Structure formats: structure tokens, C-alpha cells
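This report concerns only the one structure given below.
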Amino acid sequence: MLPRTFACRLTLWLCPALLPACGGDKSAPPGLYDTSTGGGTSNEGAGGAPPKEPCATPPAVSGDASLFEAYEDYFRIGVALNGYVFSDNDPARSELAGKHFNRATAENAMKWGSVQPLEGVFNFESVDTFIDFAEARDMQVHGHTLVWHQQTPEWVFQDENGDAIDREGLLARLEDHMSALAERYGSRVAYWDVVNEALEDGGGYRSTPWRTIIGNDYMVEAYMMADRYFPDAKLVYNDFSMWVPAKRDAAISMIEYLRRSGARVDAIGMQGHYNLVRPTEKELDDALTAYADADLEVLITELDVDVLPREGTGANISDTEDPAAGLDPYTECLTRSADAAMAARWASLFDVFVRHADTISSVTVWGLDDAMSWLNNWPIQGRTNHPLLFDRELEPKSSYVSVLRAANP
Ligand code: GLA
């Protein structure tokens with residue numbers, strides 16, 4: 001388990017397109033993550049007992065109503081796309097993406113490890129394909145991400161001898177990276193996640209090579225640089241668990257400090273990797289109110305609802321958990337009660353979002369359909385999760401109906 005996870009991460013750093021099971025694939029067949037067809041990753045040892053309850057019956061809707069059209073008066077509805085989808089391999093998925101979503105984030109293609117796997121070696125092919133796919137469908141492009149401690153190759157932080165590079169060297173590399181992206185894509189990217197996940201859940205600054213090498217002002221430098229290279233884009237600070245009060249308050253103080261230091265930070269990205277119970281409506285309400293009071297636009301950037309049991313509530317991709325019996329209960333299908341709980345959860349989330357539509361400019365789901373979700377492989381590899389609005393056959397789920405209804409309160 002551990003070596004495979006590590007191998008995945010390493011490969012993602014080097015080149016996400018190389019390893020389909022790590023989510024950066026171009027060639028993954030539909031159902032790659034669909035263990036119920038027998039064609040996917042093994043569930044052996046991870047539970048997999050047949051459900052005791054009947055399967056949920058699909059809602060009696062056609063899926064003809066477009067999600068983004070339903071939300072036109074509130075905010076944009078976005079989707080994260082992996083290489084398999086945006087390479088237009090699968091006409092049904094391409095059509096689904098264009099029909100329901102009017103903004104798009106590349107799940108991996110715009111991360112450093114994919115864009116510049118080796119120094120000075122830029123892989124723009126995937127980014128070109130992604131942006132072309134989005135623009136052909138009038139989807140606003142969200143750039144993800146520039147400064148992150150994950151999926152950034154080791155060479156970025158090392159000099160030619162393999163020792164830690166110095167502050168000036170790392171800033172120069174960041175500038176080369178940004179300038180290359182700016183030169184090629186200019187204002188085609190409407191929002192940039194400049195810094196991703198700089199805070200611990202307790203509110204302290206995460207210790208990352210960016211901070212250790214550049215110093216405590218690394219975010220001031222990063223946002224000022226991004227402002228120079230992407231003057232037309234909105235600049236975002238993106239993180240998970242942004243509803244946790246300590247982290248929420250730390251994020252606000254941090255952005256106030258960045259602004260006082262002359263940096264432009266326009267918006268907060270609340271990643272939104274949630275489960276059935278956390279955050280509560282109140283926790284979410286409180287966070288959205290606090291961000292609005294701090295004069296921040298909010299984007300819900302990475303929304304999915306984990307229906308499987310797990311220990312943690314965050315979304316730190318290095319926090320893996322061990323498989324055990326009972327942790328993969330919906331391999332055959334989502335049961336009726338689990339489906340109802342998911343539908344209620346999506347309804348309540350969107351009720352909150354609609355109430356805060358003055359603050360929220362977009363809600364982006366982290367994957368097109370259940371087969372495409374990273375949650376089939378994190379924090380435990382090879383489970384069958386059901387965290388999104390369309391099922392593995394691309395049919396709308398009860399949760400899709402909930403989201404549509406929430407647009408007409
Ligand atoms: C974090 C990152 C995303 C993605 C998810 C897992 O939330 O911001 O890019 O890697 O983890 O898919």
C-alpha cells in the first residue's frame with residue numbers, strides 16, 4: 001500500500017500523464033475506478049461485503065436540465081477535468097461536461113509537476129488541450145496551481161548539486177514558471193490559485209520548502225509576482241478545511257497581512273472536500289459570513305462529499321489510511337439510505353451556498369462523475385466511492401436533483 005502510494009505520488013510529480021491510476025491520465029478507460037464492473041482496482045482486503053439494503057432507485061429525471069443554467073442568477077458551476085475527459089476521448093463525458101458546467105479546473109494538468117517536470121522542459125500539450133476543451137464549451141478557466149508543496153518536483157527546491165537552493169534561486173524559478181504560463185496563456189485563465197494549502201488546520205503556517213527556503217514572506221512575493229504576470233486574473237488563496245474556525249480566522253489574518261504588504265489577493269478558495277456531516281450548515285454559514293466581512297470573494301473550488309468511512313476530515317493528500325473490513329460498503333451500489341443521506345447533504349450544502357450567493361462566485365465539483373473521483377483511491381486505494389452528482393453510467397443521481405431544486409428555493 002505505502003510503496004504504491006509513494007510511487008503514485010512520485011509519478012504524479014514527474015508526469016501525471018504517465019500513471020492513469022494516479023488520476024492524471026489521458027488514456028484511462030471509462031470505469032477505471034469502477035470496481036463494480038470487475039474491471040477496476042481490486043477491493044480485496046478492503047471490505048466489499050454485499051450491501052444489506054436494496055440499491056437506491058435512480059431518480060425519475062432525464063438530466064436534461066443544465067446545472068449551470070439553473071444557477072445562472074447565483075454563481076457559476078464548475079468541474080474538475082482529468083486528461084481522459086478533456087482529451088475528448090469520450091463523447092458522452094464531453095457532452096456532459098459542456099451541458100452542466102460553465103467553468104473548469106484541470107485536476108492535474110496545470111500543476112507544476114505536469115507543466116514543468118524538469119527544469120526548463122515545459123509540457124504545454126495537456127494545458128493547451130484542457131484550455132481548448134474549456135473554451136470550446138464557453139467554460140471559464142480556473143488555473144490550479146502555482147505554489148504548492150505537493151506535486152512539485154524535487155528539482156525545483158534543489159541546486160545543481162542536489163542541495164537546497166537559495167531564496168533568490170527559488171524565486172527566479174517561480175518567476176520563470178509564471179512567466180512561461182503568462183506568455184502562453186495570458187488572460188485565458190480567469191482565476192489562479194496562486195498558493196495552495198499554506199495553512200495547518202490549527203491555523204499555523206505549514207512548513208513547506210517554499211517557506212523554509214524563501215522565508216516567511218514567500219506568499220507576499222508569490223502574490224506580487226502573480227499580479228505582475230496575470231494582471232487580468234483574479235488571484236486566489238486555496239485550501240481545505242477552510243470552515244474550521246481556527247483555520248478560517250488564520251486565513252483572514254494572513255490575507256489581511258498580505259494585502260497590507262502590497263500583495264493582491266482577491267478571493268478565497270474553499271476546497272470543499274466534505275463528508276456527510278462536516279462541516280455543518282452553521283460552520284459553513286459562519287465561515288462564509290466571516291469571508292464576506294473580510295471583503296473576500298469566495299469560490300467553492302473542490303466540492304465532493306465522501307460517503308465512505310474514514311478517520312480524518314481534511315484533504316491532505318499525504319494522509320493515507322489503511323484498508324480494513326467494512327470500509328468499502330458500496331461496491332455493488334449506493335444503498336437507498338446512503339443515497340437519501342447524500343441527496344439531503346447536497347441539498348443542505350447548496351441551500352447554504354444560495355444564501356451566500358452574494359459572496360460566492362462559483363461552485364466547482366471535483367470530478368465529472370463517480371468513476372472519475374480521486375476519492376476512489378484516497379485515503380485508501382481502490383474503494384468504490386459515490387461522491388459526485390453523476391453516477392458511473394453518467395446518469396444523474398438523487399443529489400443532482402437536490403442541487404437543481406436548491407436553485408429554486
Ligand atoms: C487537493 C488539491 C487538488 C487535488 C486534491 C485531490 O485538494 O488542491 O489539486 O490534488 O487535493 O484530488
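If you sort SER398, SER187 by accessible surface, 1.4 Å probe, largest first, the order is SER187, SER398.
Between the listed residues GLY382, LEU334, THR280, the Cα displaced farthest toward the positive end of the dipole of the stretch 257-397, a dipole computed from Cβ unit charges relative to the Cα centre, is found at THR280.
Electrostatic tally near ALA164: other residues with Cβ closer than 13 Å to its Cβ, Lys and Arg +1, Asp and Glu -1, net -3. Amide H contacts under 5 Å for GLY143: ALA190, TYR191, TRP192, ASP193, restricted to partners 5 or more places along the chain or on a different chain, H placed in the peptide plane at 1.01 Å from N. Given Cβ point charges of +1 (Lys, Arg) and -1 (Asp, Glu) and nothing else, what value in debye, to the nearest 20, does the dipole of the stretch 118-259 about its Cα centre take? The calculated dipole for the stretch 118-259 is roughly 520 debye. Once the 1.4 Å probe is applied to the protein heavy atoms, the chain comes out at 38 Å² accessible per residue.
For the stretch 164-211, the gyration tensor built on C-alpha atoms gives an oblate shape. Its axis ratio a/c (a ≥ b ≥ c) is at least 1.5, and a/b is not larger than b/c. Count Lys and Arg as plus one, Asp and Glu as minus one, and take only other residues whose Cβ is under 10 Å from that of GLY272; the net charge is then -2. Counting only protein heavy atoms and using a 1.4 Å probe, the accessible area of THR280 comes to about 60 Å². Farthest toward the positive end of the dipole of the chain, out of MET254, LEU368, PRO309, is the Cα of PRO309, where the dipole comes from beta carbon charges about the Cα centre. Take the Cα of LYS282, step 7 Å toward its Cβ, do the same at ARG228, and the gap between the two points is 4.8 nm. Here is the list for the stretch 55-118: GluC sites (Glu not before Pro) lying in DSSP coil, each with at most 13 other C-beta atoms within 10 angstrom of its C-beta, are GLU72. Applying the criteria of a DSSP loop state and at most 10 other Cβ atoms within 10 Å to the GluC sites (Glu not before Pro) of the stretch 208-302 yields no site. Restricting the stretch 143-175 to GluC sites (Glu not before Pro) that sit in a DSSP loop and have at most 13 other Cβ atoms within 10 Å of their own Cβ leaves GLU160. Once all protein chains are placed together, ASP64 keeps about 110 Å² accessible to a 1.4 angstrom probe. Each DSSP beta bridge with both residues in the chain is either parallel or antiparallel, and the antiparallel ones are about 10%. For GLU197, the shell of other residues with beta-carbons less than 13 Å away shows a net charge of -2, using +1 for Lys and Arg and -1 for Asp and Glu.
Legend: calculated FRET efficiency, ALA340 to THR212, from the Cβ-Cβ distance at R0 = 51 Å, rounded to 0.05, equals 0.60. Cα centroid separation, the stretch 95-137 to the stretch 138-191: 15 Å. From the alpha carbon centroid of the stretch 339-409 to that of the stretch 265-323 is 13 Å. Contact order for the chain, expressed relative to its length and based on alpha carbon pairs under 8 Å spaced 6+ residues apart, stands at 21 percent. Candidates ILE268, LEU146, SER399 compared by Cα position along the dipole of the chain: farthest toward the positive end lies SER399, with charges placed on Cβ. Taking amide H as placed 1.01 Å from N in the peptide plane, the amide H of VAL79 sits under 5 Å from that of ARG103, ALA104, THR105, VAL365, each at least 5 places away or on another chain. Here the stretch 90-182 is assigned +1 on the Cβ of each Lys and Arg and -1 on the Cβ of each Asp and Glu. Its dipole about the Cα centre then comes out at about 560 debye.
Kirkwood hydrodynamic radius computed over the chain comes to 21.5 Å, based on all pairs of distinct alpha carbons. By accessible area, using a 1.4 Å probe on protein heavy atoms only, the chain has 50% of its surface on carbon and sulfur. Couplings 3J(HN,Hα) of the stretch 239-255, computed from phi: 7, 8, 6, 6, 8, 5, x, 5, 6, 4, 5, 5, 5, 5, 4, 4, 5 Hz, in residue order, whole Hz [Karplus 6.51 cos²θ - 1.76 cosθ + 1.60, θ = phi - 60°; x for Gly and Pro]. Placing +1 on the Cβ of every Lys and Arg and -1 on the Cβ of every Asp and Glu, with no other charges, gives the chain a dipole of roughly 380 debye about its Cα centre. Size descriptors for the stretch 197-257, from the alpha-carbon set: Rg then Dmax equal 12.1, 33 Å. Quick check on my link table: of LYS99/LYS282; LYS99/LYS397; LYS247/LYS282; LYS52/LYS282, which ones sit more than 25 Å apart, alpha carbon to alpha carbon? Among LYS99/LYS282; LYS99/LYS397; LYS247/LYS282; LYS52/LYS282, the Cα-Cα distance tops 25 Å for LYS99/LYS282; LYS52/LYS282.
The values are calculated or read from the model by the stated rules, or taken from the named source; none is laboratory data. Quick caveat: nothing in here was measured; it's all calculated off a predicted structure. Every residue, glycine as well, gets a Cβ built from its backbone with ideal geometry; the counts of neighbours run over all protein chains shown. Quick note on the areas: whole protein, heavy atoms, side chains included, nothing else; ligands and nucleic acids left out. Shrake-Rupley method; radii C 1.70, N 1.55, O 1.52, S 1.80 Å.
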